[in-house]
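These notes concern the structure reproduced below.
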Amino acid sequence: MAQSTTTQDYAPNKPVHLMYLVGTVLAFYVMQWSIDWIWGYFGTPPSETRTTFAAAGLAIITAVVMYRNDRIYGLANEVAGELKKVTWPTAKEVRSATFVVIVMAVISAVILGLFDFVWSNLTELVYG
């Protein structure tokens with residue numbers, strides 16, 4: 001059975017708007033870097049101001065086109081809806097998991113360091 005969409009499904013949604021804002025900023029930086037790199041590869045790059053304005057214009061146009069596309073906007077709303085269902089860990093759980101990761105990284109580094117020390121001494125002994 002197909003799901004029906006209501007106007008509430010496409011109502012203004014802060015997480016969705018935040019996704020578009022972050023996506024636009026990321027697109028701006030990627031486009032600015034890409035324009036500068038590609039143009040510089042083929043010739044002398046234009047001034048930084050032109051590159052910045054071109055990248056900003058392209059990023060804004062891309063964001064508006066994507067915002068007005070019903071499929072993409074619907075997908076963004078679905079993602080935001082699914083993220084609301086996620087049970088996020090508490091601060092205490094995050095601290096304890098971070099501590100476990102750091103301890104395991106240190107233990108792994110010590111073990112690998114010991115293996116390296118033993119192996120280097122063995123090869124030095126064998127090959128002199």
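The values are calculated or read from the model by the stated rules, or taken from the named source; none is laboratory data. What you see is a predicted model; the values in this text were computed from it and never measured. Counting neighbours? That spans all protein chains shown, and the Cβs are built from the backbone with ideal geometry, glycine included. We work out accessible area using only protein heavy atoms, side chains counted, and drop any ligands, DNA or RNA first. Shrake-Rupley method; radii C 1.70, N 1.55, O 1.52, S 1.80 Å.
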Open item on the list: Counting only helical runs of four or more DSSP H residues, what would the 222 nm mean residue ellipticity of the chain come to if each run contributes -39,500 (n - 2.57) and the total is spread over all its residues?
Closed with: -28500 deg cm²/dmol
Task: Alpha-carbon gyration tensor eigenvalues x 5, square-rooted, for the chain, Å - done: 46, 32, 13
Open item on the list: Spelling out what I want: for every residue of the range 93-109, take phi, set θ = phi - 60°, compute 6.51 cos²θ - 1.76 cosθ + 1.60 (Karplus), and round to whole Hz; glycine and proline get x.
Closed with: 5, 5, 4, 5, 5, 5, 4, 4, 5, 5, 4, 5, 5, 5, 4, 4, 5
Open item on the list: I need the calculated FRET efficiency for the pair Ile111 and Thr87, taking r as the beta carbon distance and R₀ as 35 Å, to the nearest 0.05.
Closed with: 0.50
TODO: May I ask you to give the percent of accessible area on the range 1-120 that is carbon plus sulfur, with a probe radius of 1.4 Å?
DONE: 71
Open item on the list: Accessible area per residue for the chain in Å², computed with a 1.4 Å probe and the full protein assembly in place, what is it?
Closed with: 86
